[in-house]
Amino acid sequence: MLDNEEIEKIVSVLKLGGLALISTDTVWSVCCHAFNEEGVRKIAKIKDRPEGIGMILLVSDNMHLAQFITKIHPKAQGLLDYHTRPLTIVHDHHRNLPDFLLSRDGAIAVRVVQDEFCRKLIEYLEAPILIDSA
């Protein structure tokens, strides 16, 4: 695991619109600060993704999720509460998210991370990260 100083270096890059290659709960991914449009566009360009094709927003915990998702279906909440494996859910009831993060239909894919490194990175960044598989 990276130490705090190394995580702070990654956070500095992300805050400036840069990208990082990180290991997540599932696969190696390229990531950016979710609210930095320049970073989001860089990932889309690298991945050759057309505009409006969503990526995955990673948040640190259920309280962090509540800042961005206004309504969670009860079945989805049950999964979030008890599921022990990585779980990404597509939500269409959201708030506090810039339009450039949303898919064409206005939805956003969100995962509450379980990986300690990812959680620490998000907490140091004080914002969610956006990822796409590397």
Of all residues in the range 22-36, which are in contact with a Pro (Cβ under 9 Å, 6 or more places away or on another chain) and open to solvent by less than 70 Å² (accessible area, probe 1.4 Å)?
Thr24, Asp25, His33, Ala34
If Leu57 satisfies every condition in (1) open to solvent by 80 Å² or more (accessible area, probe 1.4 Å); (2) at pLDDT 90 or above; (3) not polar (S, T, N, Q) but one, which is the exception?
(1)
Look at Gly52 and say whether it is on the phi > 0 side of the Ramachandran plot, at pLDDT 90 or above and not aliphatic (A, V, I, L, M).
no
Note: among Arg104, Arg85, just one is touching a Gly at 6+ places or on another chain (Cβ under 8 Å) and exposed (fewer than 13 other Cβ atoms within 10 Å of the Cβ), namely Arg104
Counted residues, the range 15-39 - those being of a type outside the set (Gly, Ala, Ser) and in contact with a Leu (Cβ under 6 Å, 6 or more places away or on another chain)
3
Does Leu14 fit the bill of being part of a helix (DSSP H, G or I) and either in contact (Cβ under 8 Å) with a residue 60 or more places away in the chain or open to solvent by 10 Å² or more (accessible area, probe 1.4 Å) (or both)?
yes
If you go through the range 43-62 one residue at a time, how many are under 15 Å from the mean Cα position of the chain (by Cα) and more than 19 Å from Ala107 (Cβ to Cβ)?
3
Just to be sure before I move on: is Lys42 within 15 Å of Asp132 (Cα to Cα), open to solvent by 60 Å² or more (accessible area, probe 1.4 Å) and in contact (Cβ under 8 Å) with a residue 60 or more places away in the chain in the structure I sent?
no
Among Leu19, Leu65, which is the only one that is open to solvent by less than 60 Å² (accessible area, probe 1.4 Å), modelled with pLDDT of 95 or more and within 15 Å of the chain's Cα centre (by Cα)?
Leu19
Please go through (1) farther than 30 Å from Asn4 by Cβ; (2) open to solvent by less than 50 Å² (accessible area, probe 1.4 Å) for Asp99 and return the number of the only condition it doesn't satisfy.
(2)
Do we find that Ile22 is within 30 Å of Asn4 (Cα to Cα), among the hydrophobic types (A, V, I, L, M, F, W, C) and part of a helix (DSSP H, G or I) in this structure?
no
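The values are calculated or read from the model by the stated rules, or taken from the named source; none is laboratory data. Bear in mind that the values here come from a model prediction, so they are computed numbers and not experimental data. Positions of Cβ are backbone-derived with ideal geometry, glycine not excepted, and every protein chain shown enters the neighbour counts. Remember, those area values only see protein heavy atoms, side chains included, never the ligands or the DNA or RNA. Shrake-Rupley method; radii C 1.70, N 1.55, O 1.52, S 1.80 Å.
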